[in-house]
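Chemist: Okay, here's the structure, questions in a sec.
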Amino acid sequence: MKNRNLYVAAAAGAVLVALALVLRTFSALPLPIPEAYAGPIPSARPPMEMAVFSVVTGVNHRVAAFGFRGGSLFERREFSMAGALVKHPKGDLLIDTGFGRNIDQQFRTLPLLFRTITFYSLWQPAADQLRAAGYDPKSLHAILLTHSHWDHVSGLPDFPGVPVWVTPQEHEFIRKSGDMDFCRLFTGIRYEEYSFEGGPYLGFPASHDIYGDASIVVVPAPGHTPGSVIIFVTLPDGTRYAFVGDLVYQLDGITLREERPWLVRRKADTDAEGNRENMLRIIALKERIPELIIVPAHDMRGFARIPRLPQTSSRTFMSQ
Ligand SMILES: [Zn+2]
Ligand SMILES: [Zn+2]
């Protein structure tokens, strides 16, 4: 009898601990409100021909609770699996690839636990979307990664010969070959490293101005992965985008100042504190520039603010 009581007490204790863990993991606990960014807002000289197009390749069927603390376990969210095409007269760039043609085979190489909680739909790979829009693949100068996780690099093999731009830290991360990326499966990818030779930019300590006209500026944002970056794009009409990769999964992370749930942070981020620091920088920047359009890789609402690729080939699109 005594033993039985002990078992019951131990089981009840375990349930309580598990419940506390779940509640703590998913309950809201906003980050402190940072001071608005107070530094200079550098001017940009984007060429008139510049444009950005969204390339949403599919979705992951998730719930809000997966994306940010306080999110409901019952609110369905379609997480975009996406990239963006930046057209620039000095060379077009694709920011991330989203799902590629071989996503089904690639997905089978991911850890079993992750696969059992992940349900995705492939819409159309980036390479096929570009082709359908009449885009000449030769115009693509490089693929610029926000980071190297599976859902951002899946389409790399669909662009043979196109250089892939990464930071030295992310290149090293790719070499170490974590179980959440596919890069180890790919052969013949031409990685090219770039560095942050430029000074501070919009609250970030360093920068890389790709074409020297401040139209596309990359800043380091380590945390989610060691070489994660944020890509600022400024268009001729003054529209400013911040492609933040997986800094947050959903915009609520910024607007509510809510990090990913603890369990997700533990699995997804290599340095959650570093990621938090960069989240606060973006939150402070959004205070100062409310019109800044923040585009997390997995939030449809960000991509809805970007024009879609033309559905059929159009002369204007091809000739730009
Ligand atoms: Zn990621
Ligand atoms: Zn991702």
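Chemist: Which residue is farthest from ligand 2 (Cβ to nearest atom), if the candidates are limited to region 143-169 and must be part of a helix (DSSP H, G or I) and in contact with an Asp or Glu (Cβ under 9 Å, 6 or more places away or on another chain)? If you could, list the steps in order and put the result at the bottom.
Modeler: In the first step, residues of region 143-169 are kept if they are part of a helix (DSSP H, G or I); the result is 150-153, 156-158, 168-169.
Going one step further and asking which of them are in contact with an Asp or Glu (Cβ under 9 Å, 6 or more places away or on another chain), we end up with 150-153, 158, 168.
Numbers: TRP150: 8, ASP151: 4, HIS152: 6, VAL153: 10, ASP158: 18, PRO168: 21 Å.
Only one residue fits best here, namely PRO168.
Chemist: Moving to a separate point now. Go through (1) open to solvent by less than 20 Å² (accessible area, probe 1.4 Å); (2) touching a Gly at 6+ places or on another chain (Cβ under 7 Å) and name the single condition GLY203 misses.
Modeler: (1)
Chemist: Additional query: Any residue at all in region 180-199 that's in contact (Cβ under 8 Å) with a residue 40 or more places away in the chain, open to solvent by less than 20 Å² (accessible area, probe 1.4 Å) and of a type in the set (Phe, Trp, Tyr)? Walk me through how you get there before you give the answer.
Modeler: From region 180-199, those in contact (Cβ under 8 Å) with a residue 40 or more places away in the chain are 180, 182, 185, 192; that's our starting set.
From what is left, the residues that are open to solvent by less than 20 Å² (accessible area, probe 1.4 Å) are 182.
Narrowing further to those that are of a type in the set (Phe, Trp, Tyr): 182.
Within region 180-199 (the criterion being in contact (Cβ under 8 Å) with a residue 40 or more places away in the chain, open to solvent by less than 20 Å² (accessible area, probe 1.4 Å) and of a type in the set (Phe, Trp, Tyr)), the answer is yes, since at least one residue qualifies.
Chemist: Scan region 145-155 for residues that are surrounded by fewer than 24 Cβ atoms within 10 Å (Cβ to Cβ) and closer than 24 Å to MET50 by Cα and report the count. Before the answer, list the steps.
Modeler: Going through region 145-155, the residues surrounded by fewer than 24 Cβ atoms within 10 Å (Cβ to Cβ) turn out to be 149-150.
Of the ones still in play, those that are also closer than 24 Å to MET50 by Cα are none.
Selection size over region 145-155: 0.
Table: residues versus (1) closer than 22 Å to ILE216 by Cα; (2) of a type in the set (Val, Ile, Thr).
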position	(1), (2)
SER43	yes, no
MET48	yes, no
PHE53	yes, no
ASN60	no, no
VAL63	no, yes
PHE68	no, no
LEU73	no, no
ARG77	no, no
ALA84	yes, no
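Chemist: Moving to a separate point now. Being modelled with pLDDT of 95 or more and not basic (Lys, Arg) narrows it down to one of VAL22, VAL56, VAL17, so name that one.
Modeler: VAL56
Chemist: Mind telling me which of the residues GLN105, GLN129 ends up being open to solvent by 70 Å² or more (accessible area, probe 1.4 Å), over 26 Å from ALA44 (Cβ atoms), polar (S, T, N, Q) and more than 16 Å from ligand 1 (Cβ to nearest atom)? Outline the logic, then answer.
Modeler: On the way: GLN129 fails: open to solvent by 70 Å² or more (accessible area, probe 1.4 Å).
It is GLN105.
Chemist: Could you please find all residues in region 198-212 being closer than 24 Å to GLU49 by Cα and out of contact with any Ser or Thr (no Cβ under 9 Å at 6 or more places or on another chain)?
Modeler: SER207, ILE210, TYR211, GLY212
The values are calculated or read from the model by the stated rules, or taken from the named source; none is laboratory data. Since this is a predicted model, take the numbers as computed values, not measurements. Don't worry about glycine lacking a Cβ; one is built from the backbone with ideal geometry, like all the others, and counts go over all protein chains shown. Remember, those area values only see protein heavy atoms, side chains included, never the ligands or the DNA or RNA. Shrake-Rupley method; radii C 1.70, N 1.55, O 1.52, S 1.80 Å.
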